[in-house]
Amino acid sequence: MIDQFFAPLGARAQAHVRDLSDGRGIGVGEDEPVILVSVVKLFIAWEFRRQVEEGLVDPAAMVRVTAADRLGGTGTAGFRYDSQISVWDLASLMMEVSDNSAADLVTARIGAGSLRSLPGRLGLKGTRLIGPPRAILEDVARDLDIADLQALAHVLDSGAVSTADLRATSAWDPARTNVSTCADLTAFARHVWNGPAPIAADMRTWMGRQLTGGRLSRLAPSDVVVHGRSGSLPGWLNEVSVWEWPDGRRHAIAVSAQPTRRNFREVELAMSRAALALTEALG
């Protein structure tokens, strides 16, 4: 039902919508593997917040962010100078501005093993979590036979690696990177929303403050409250969103699109059309 939005743009997509109250859902290609990219931060945030709730992590603990931690990009990842910040605020930056270095440092606090075991604990059979952004970039560096992440950043900035070479690395391969399915993503959103109230409230706040996404909500009615988490690579555009309708309905929506042209804005608009069509079809 959503091919009409993507096929004319030379793109394909997978999507799923789920009612957060009764669990009903419909989708297209909803069980196909999709690369998570920054959507993995949703899982990191939930595991962090769970451990805080259980007293396993001190949210006020201060973390020193140095040049060795900086991956480039937004938040602490792009800071010029070293800084000291609480692990809670790192989690906020990770979710709100998609700070990659913050995601690494929060994962270090919760333990990479806890992140990797999360899908099994929650019964998300189509989801595999390898690690935070640094782990994925280190795999890319090895794939390209580049010594370290500093050298990788230099190579990427210089344009010495072609898009085709990048797309042949593990970061673009669902079998070798953080991966899920649209159905798993909406199931996870339902788990979050219907879970312990303090954890759900903070997740809603973080997702409601996302500054780097909004792909699915472009065509959402103005009276719908939207929460989201997006992720992207060249050739992959993802977003998970929860729409809270004024009549009390709550829908979790996941859409992943794979453009083949440089028409990202048009594809993002198609993603929003697909989200609206799926919510209307679910009723």
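Kindly provide the set of residues from the range 66-96 that are among the aliphatic types (A, V, I, L, M), at pLDDT 95 or above and within 19 Å of GLY131 (Cα to Cα), ordered by number.
Initially, the range 66-96 is screened for residues among the aliphatic types (A, V, I, L, M), giving 67-68, 71, 77, 85, 87, 90-91, 93-95.
From what's left, at pLDDT 95 or above: 85, 87, 90-91, 93-95.
Result: VAL87, LEU90, ALA91, LEU93, MET94, MET95.
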For the range 231-283, give me each residue that is under 28 Å from MET94 (Cβ atoms), without any contact (Cβ under 8 Å) to a residue 40 or more places away in the chain and open to solvent by 40 Å² or more (accessible area, probe 1.4 Å). GLU244, PHE264, ARG265
So PHE48 passes all but one of these: (1) open to solvent by 30 Å² or more (accessible area, probe 1.4 Å); (2) in contact (Cβ under 8 Å) with a residue 60 or more places away in the chain; (3) of a type in the set (A, V, I, L, M, F, W, C); (4) under 22 Å from THR107 (Cβ atoms). Which condition number does it fail? (1)
Under 6 Å between Cβ atoms, at least 6 apart or on separate chains: pull out the pairs that start in the range 1-28 with a residue that is over 21 Å from ARG249 (Cβ atoms) and end on any residue that is open to solvent by 50 Å² or more (accessible area, probe 1.4 Å) and acidic (Asp, Glu). LEU9/GLU266; GLN14/GLU32
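Give the residues of the range 130-168 that are of a type in the set (Gly, Ala, Ser) and farther than 25 Å from THR76 by Cβ, sorted by residue number. Lay out the reasoning, then the answer.
Initial filter on the range 130-168 (of a type in the set (Gly, Ala, Ser)): 131, 135, 141, 147, 151, 153, 158-160, 162, 164, 168.
Matches in the range 130-168: GLY159, ALA160, SER162, ALA164, ALA168.
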Mind counting the residues in the range 159-173 that are open to solvent by less than 40 Å² (accessible area, probe 1.4 Å), more than 11 Å from LEU233 (Cα to Cα) and more than 19 Å from the chain's Cα centre (by Cα)? 2
Options THR177, THR205: the member that is farther than 22 Å from PHE264 by Cα and crowded, with 21+ Cβ neighbours inside 10 Å: THR177
Go through the range 120-166 and give me each residue that's touching a helix residue (DSSP H, G or I) at 6+ places or on another chain (Cβ under 7 Å) and of a type in the set (Asp, Glu). GLU138, ASP139, ASP143, ASP148
Going through the range 123-141 one residue at a time, which ones are modelled with pLDDT of 95 or more and over 19 Å from ARG109 (Cα atoms)? GLY123, LEU124, LYS125, GLY126, THR127, ARG128
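Condition check ((1) over 26 Å from ALA187 (Cβ atoms); (2) free of Cβ contacts under 8 Å to residues at least 12 places away in the same chain; (3) open to solvent by 30 Å² or more (accessible area, probe 1.4 Å)) across all residues:
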position: SER92; (1), (2), (3): no, no, no
position: GLU96; (1), (2), (3): no, no, yes
position: ALA112; (1), (2), (3): no, no, yes
position: LYS125; (1), (2), (3): no, no, yes
position: GLU138; (1), (2), (3): yes, yes, yes
position: ASP148; (1), (2), (3): yes, yes, yes
All positions within the range 223-246 that are modelled with pLDDT under 95 and either farther than 22 Å from PHE188 by Cβ or touching a Gly at 6+ places or on another chain (Cβ under 8 Å) (or both): PRO234, GLY235
Scan of the range 130-171 for residues that are closer than 15 Å to ASN100 by Cα and of a type in the set (D, E, K, R), ordered by number: ARG134, GLU138
For ALA60, are the conditions met, namely being exposed (fewer than 14 other Cβ atoms within 10 Å of the Cβ) and either touching a Phe, Trp or Tyr at 6+ places or on another chain (Cβ under 7 Å) or closer than 18 Å to ARG215 by Cβ (or both)? yes
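The values are calculated or read from the model by the stated rules, or taken from the named source; none is laboratory data. Only a predicted model underlies this, so the values are computations on that prediction, with no experimental measurement involved. As a convention, Cβ positions derive from the backbone with ideal geometry for all residues, glycine included, and neighbour counts pool all protein chains shown. Note: accessible area is taken over every heavy atom of the protein model, side chains too, but ligands, DNA and RNA are not part of it. Shrake-Rupley method; radii C 1.70, N 1.55, O 1.52, S 1.80 Å.
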